[in-house]
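Visitor: The following block contains the structure, expressed as structure tokens.
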Amino acid sequence: MANRRLIDMTEEDLVVLIQSAIKDKIKPEPDRFINEEEARKMLNCSKTQMYYYRVNGDISFVQDDKHPKLIQYDRLSILQYLESHLKKSF
């Protein structure tokens, strides 16, 4: 009976069925650049500490000359920073 239902489906119905089946299994890649709030959550730090990370070159960021208050942080550099400061247990 299940085979008969598959035969009766249109191509569009089949595409919708496949998309719904794999939708939960495929996770979209996160954005590379994130805002300060997300970066602070990843680092669990204050705005002042974020400033020190920028000034010391600990994490990479993008800042537009036209909008100097709009700063985007590189998620990969934050992950690298965290990895470089990882303390391994015995």
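Visitor: Kindly provide the set of residues from the range 50-61 that are surrounded by 11 or more Cβ atoms within 10 Å (Cβ to Cβ) and either part of a loop (DSSP other than H, G, I, E, B) or among the hydrophobic types (A, V, I, L, M, F, W, C) (or both), ordered by number.
Guide: Scanning the range 50-61 gives 50, 58, 59, 60, 61.
Visitor: Taking interchain pairs and intrachain pairs at least six residues apart, which have beta carbon atoms under 6 angstrom, with the first residue in the range 78-90 and within 25 Å of residue 51 (Cβ to Cβ) and of a type in the set (A, V, I, L, M, F, W, C) and the second modelled with pLDDT of 95 or more and not in a helix (DSSP H, G or I)?
Guide: 78/59
Visitor: What about residue 39, is it in a helix (DSSP H, G or I), free of Cβ contacts under 8 Å to residues at least 60 places away in the same chain, touching a Phe, Trp or Tyr at 6+ places or on another chain (Cβ under 6 Å) and not aromatic (Phe, Trp, Tyr)?
Guide: When the stated conditions are applied, residue 39 passes them.
The values are calculated or read from the model by the stated rules, or taken from the named source; none is laboratory data. Predicted, not measured: the structure shown is a model, and the values here were computed from it. We place every Cβ from the backbone using ideal geometry, glycine too, and count neighbours over all the protein chains shown.
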